[in-house]
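Undergrad: Structure incoming, see below.
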Amino acid sequence: MPQRTISPFSNESEVLQINGLTVENRLDRVSIYGSIDFTLDKIGLGKARELLAVMEATVNALEGKNLPDVIGIDDPEAVKNPFV
């Protein structure tokens, strides 16, 4: 099975699901959240390889840039629900 990954920091639209784990691509960050179990079988190995491919792509993208010490990430702004 081909390894699925994202192009880190290149768009605001890529989302990858690896079991219960979600990887979201953004221009200024890659967010990973959820839960995943790596079972001691071929399925567990496949999940581990998918996550490793995402992490390797992320590290490679970071290493290829002139990075600041830190960036600010604003908290999301709460807005009124337009459907209520």
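The values are calculated or read from the model by the stated rules, or taken from the named source; none is laboratory data. This structure is a prediction, so every number in the text was calculated from the model and none was measured. Note that we place each Cβ from the backbone using ideal geometry, even for glycine, and neighbour counts take in every protein chain shown. For accessibility, only protein heavy atoms count, side chains too; no ligands or nucleic acids. Shrake-Rupley method; radii C 1.70, N 1.55, O 1.52, S 1.80 Å.
Undergrad: Can you work out the accessible area per residue across the chain, with the rest of the protein chains kept in place, probe 1.4 Å, in square angstrom?
TA: I get 78 Å² per residue for this part.
Undergrad: Ok, one more. For a protection proxy built on the mean count of beta-carbon atoms within 10 angstrom, sort 32-40, 19-27, 65-73 highest first, please. Present the calculation step by step, with values, prior to reporting the outcome.
TA: Values: 32-40: 11.1, 19-27: 16.0, 65-73: 6.8.
Put in order of decreasing packing, that is 19-27, 32-40, 65-73.
Undergrad: Another question, then. Cβ under 15 Å from L27's Cβ, L27 left aside: what net charge do those residues give with Lys, Arg +1 and Asp, Glu -1?
TA: -2
Undergrad: Carbon and sulfur together cover what percent of the accessible area of the stretch 1-67 at a 1.4 Å probe radius?
TA: For the stretch 1-67, the apolar C and S fraction of the accessible surface comes to 56 percent.
Undergrad: What net charge do the residues around I43 carry, taking every other residue with its C-beta under 14 Å from that of I43, with Lys and Arg at +1 and Asp and Glu at -1?
TA: Computed value for this residue: 0.
Undergrad: Counting only the backbone N, which residues of the stretch 42-59 are under 16 Å from the spot 7 Å out from the Cα of E14 toward its beta-carbon?
TA: 50-59
Undergrad: State, to one decimal in nm, how far the label point of L45 lies from the label point of N66, with both points 7 Å from Cα in the Cβ direction.
TA: Computed distance between label sites L45 and N66 equals 4.4 nm.
Undergrad: By a straight-distance test (C-alpha under 19 Å), which aspartates and glutamates pair with K65 as possible cross-link partners, with residues fewer than eight away in the same chain excluded?
TA: E12, D28, E56
Undergrad: Additional query: For the chain, state the average projected area of the convex hull of the C-alpha atoms over all orientations, rounded to one decimal in nm².
TA: Details: hull surface 32.3 nm².
Quarter of the Cα hull surface area: 8.1 nm².
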